[in-house]
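As structure tokens, the structure follows; a few thoughts come after it.
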Amino acid sequence: MLKPSKDIVLKISNLSSWYGKVQILHEVDMHVKKGELVSIIGPNGAGKSTILKNIFGIIKKRKGNIKFLKKEIITMQPEELAKIGIAIVPQGRSVFPSLTVEENLVIGAYTRSDNIKKDLEYVYDKFPVLKERRNQPAKLLSGGEQQMVSMGRSLMVKPKLLLLDEPTLGLSPSMKKLIFDKIIELNKSGLTILMVEQNARMSLKLSDRAYVLELGRNRYVGKGKTLLKDKRIQHLYLGGVA
Amino acid sequence: MSIAAQLIANGLIAGSIYALVALGYTMVYGILKFINFAHGEIFMMGAYIGWTLHVLWGVPLLIAFPVAMICCGAFGYFLEKIAYKPLRNAPVWAPLITAIGVSIFLQSLAILIYGAQVKTFRTGEVAQGLHILGAIITPIQLTIIIVSTVLMVLLWLFVKKTKIGKAMRAVADNREVASTIGINVNKVISVVFVIGSALAAAGGILVGMEQNLTPTMGVSVGIKAFTATIVGGIGSIPGAVLGGLAIGLIENIGIWFIPSGYKDAIAFIILLLMLIFKPTGILGRKKEEDVRG
Ligand SMILES: Nc1ncnc2c1ncn2[C@@H]1O[C@H](COP(=O)(O)OP(=O)(O)OP(=O)(O)O)[C@@H](O)[C@H]1O
Ligand SMILES: [Mg+2]
């Protein structure tokens, strides 16, 4: 198993961000090392998605630093980030509904000029059901299958860092398990992942490290399994949720 | 000659022009959720540029035609960059007002340069009509059908097969997600304006070849093409083509039933009925498809 090295892939320091006049994030610090699976957990509205959107430059009103492989990226446009190796699976259904499954996947490689055939096979290998339905418009797929398309598309970027925003939201238990299994597989094969999850118990169990976010501020940070045993966290976030 | 065949032929000829113009409305709307009300005037501009090149300066039509398309494409590019882009985050009415302003400006400009009286491409007498399936079709009308069909097939291939065409559809589906996979949304918007304007220009010259040019010729075609866009489902490319043909057919077959003086009112009535009863159009997207994360 490839496990965390010392190389820092992503480093967020002192990040504050606003929607209009409302400050959502307050001096957030966070980092992800090469090969790690890191989770961000926290209640609804804590600002988890906002952090990912900040990494992707979708939010413009902000302050602080975001470094990817030592390079400052806070000034970059969303469309430049795929090129340097960051991919995101946004929250909610994020496929292109009118494009076919295969078009959805291929367009993930939009910024690449190398051969993508092998990567396409790799994605079909991971999600065989997509291969069967490759020529159908993505809108005809079930929620879980659409989530596979989104994940597959993000893999076509050939990312060095994958951001996942609630990848199992609204899926059936068996589909949740399947998606989690794929996430573990991807991480074990060396992909660095930063994931936002509602399912705190599951994500703490899987993660090397996790950040607990509350009202846009860092609240706790630690090894996933340590946080899982932490009384305060059990009390706040794990009460009863399986 | 049968009257039915003739009306259908006339309908298809008018319809293919509406379709060409409707494509610009629908592509821009699909991506920006904005109706470019200056689009009819780009159609008019295309006709006048074609006329200037061909009739005034004697440039062969085969060259004047694409040059007018390119000029209008370039105009569409700068129109978006200068007039609309700065208003991207402004309230929705701001670009609409701007578009109406641009359209009044272009009409006035045309009056200033060309005067209000009509211009025509015709030089000699009208060519002999061809008998096709019971209808009489002039060579110019045949040209209209062939050229517009070719342009629409090319557009379809562009959108389906090319990388930037696929990016266009992706941006129309979900702009934010499209940007995260590296699609330059601004570039796609520019491409859409260029193509839409060039198609409108083509429509303008084709109409100009058959009818007279007036500075306000873009208004009624603009409204009919807009109606076609709504009928077909705004945002849908096949919808714009279907809608255009439908409007052309309905208004031409309609004069069988009502006095032909009311022909131009037909599109208005359809527009009104569509907006009341089926604003999503025939091929329009359903609301639930419009999911944003
Ligand atoms: N586009 C927006 N405009 C204004 N406020 C927003 C916008 N998006 C999010 N917010 C607000 O910012 C705060 C943080 O939102 P965010 O989506 O980051 O939360 P989250 O932790 O991802 O929550 P969830 O678990 O529900 O996805 C919330 O209070 C939300 O209402
Ligand atoms: Mg969220």
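Tabulated values for the structure
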item	result
Base-10 log of normalised Debye intensity for chain A (one unit scatterer per alpha-carbon) at q = 0.09, 0.10, 0.14 Å⁻¹	-0.36, -0.45, -0.91
Degrees between helix B:139-161 axis and first principal axis of chain B (Cα, 0 to 90, nearest 10)	20 degrees
Aspartates and glutamates with Cα under 19 Å of A:Lys118, excluding same-chain neighbours fewer than 8 positions away	A:Glu102, A:Glu103, A:Glu132, A:Glu185
Relative frequency of Cα-Cα separations exceeding 22 Å in region B:1-134, percent	51 percent
For region B:176-190, Karplus couplings with θ = phi - 60° (6.51, -1.76, 1.60), whole Hz, Gly/Pro x	5, 5, 4, 5, 6, 9, x, 7, 7, 4, 4, 5, 4, 4, 4
Other-chain or far-sequence residues with amide H under 5 Å of A:Thr192's (modelled H)	A:Gly35, A:Leu162
Over 23 Å (Cα to Cα) - which of A:Lys34/A:Lys205; A:Lys71/B:Lys187; A:Lys63/B:Lys166; A:Lys53/B:Lys163; A:Lys67/B:Lys33 fall in this group	A:Lys71/B:Lys187; A:Lys63/B:Lys166; A:Lys53/B:Lys163; A:Lys67/B:Lys33
Accessible area per residue in Å² at 1.4 Å probe, computed on the protein assembly as shown	45 Å²
Surface share of carbon and sulfur [accessible, 1.4 angstrom probe, percent] for region B:1-130	73 percent
Whole-angstrom gap from region B:20-83 to region B:86-135, using each part's C-alpha centre	9 Å
Among A:12-25, B:175-188, A:209-222, the order from most to least packed when residues are scored by Cβ within 10 Å on average	B:175-188, A:209-222, A:12-25
For the protein assembly as shown, convex hull of alpha carbons as volume per residue, Å³	174 Å³
Built amide H within the under 5 Å cut-off of A:Thr100, gap 5+	A:Ala138
Residue among B:Val221, B:Val21, B:Val191 with the largest mean-square fluctuation in a Gaussian network model of chain B, springs linking Cα atoms under 10 Å	B:Val191
Surface accessible to a 1.4 Å probe, A:Arg93 within the full protein complex, Å²	110 Å²
Gyration tensor (alpha-carbon) shape descriptor, region A:134-193, a/c threshold 1.5	oblate
For region A:84-91, 3J(HN,Hα) per residue [Karplus equation, 6.51 cos²θ - 1.76 cosθ + 1.60, θ = phi - 60°, Hz, x = Gly/Pro]	8, x, 10, 10, 9, 9, x, 5
For region A:19-153: span of alpha carbons on each principal axis (Å, largest first)	46, 33, 27
Choice from B:Pro139, B:Pro66, B:Pro259 showing the highest fluctuation, given a GNM over chain B with Cα pairs closer than 10 Å	B:Pro259
For A:Lys63, solvent-accessible area (1.4 Å; no DNA, RNA or ligand), Å²	130 Å²
Cα gyration tensor of chain B - equivalent ellipsoid semi-axes, whole Å, descending	30, 23, 18
Solvent-accessible area, 1.4 Å probe, carbon plus sulfur percent, for region A:5-237	53 percent
Proximal lysines to B:Lys263, defined as alpha-carbon separation beneath 28 angstrom and excluding residues fewer than eight positions away on the same chain	B:Lys119, B:Lys224, B:Lys278
Distance from region A:29-78 to region A:201-224 (C-alpha centre basis), Å	15 Å
Shielding by other protein chains, A:102-108, mean Cβ within 10 Å	3
Nearest-ten-degree value, helix B:3-32 long axis tilted from longest Cα axis of chain B	20 degrees
Loop trypsin sites (Lys or Arg not before Pro), region B:238-286 (other Cβ atoms within 10 Å of the site Cβ: 12 or fewer; DSSP)	B:Lys286
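The values are calculated or read from the model by the stated rules, or taken from the named source; none is laboratory data. A quick note: this is a predicted structure, and the numbers were derived from the prediction, not measured. Here Cβ is always computed from backbone atoms with ideal geometry, including for glycine, and neighbour counts include all displayed protein chains. When the accessible area is computed, the model is the full protein with side chains, heavy atoms only, and any ligands, DNA or RNA have been set aside. Shrake-Rupley method; radii C 1.70, N 1.55, O 1.52, S 1.80 Å.
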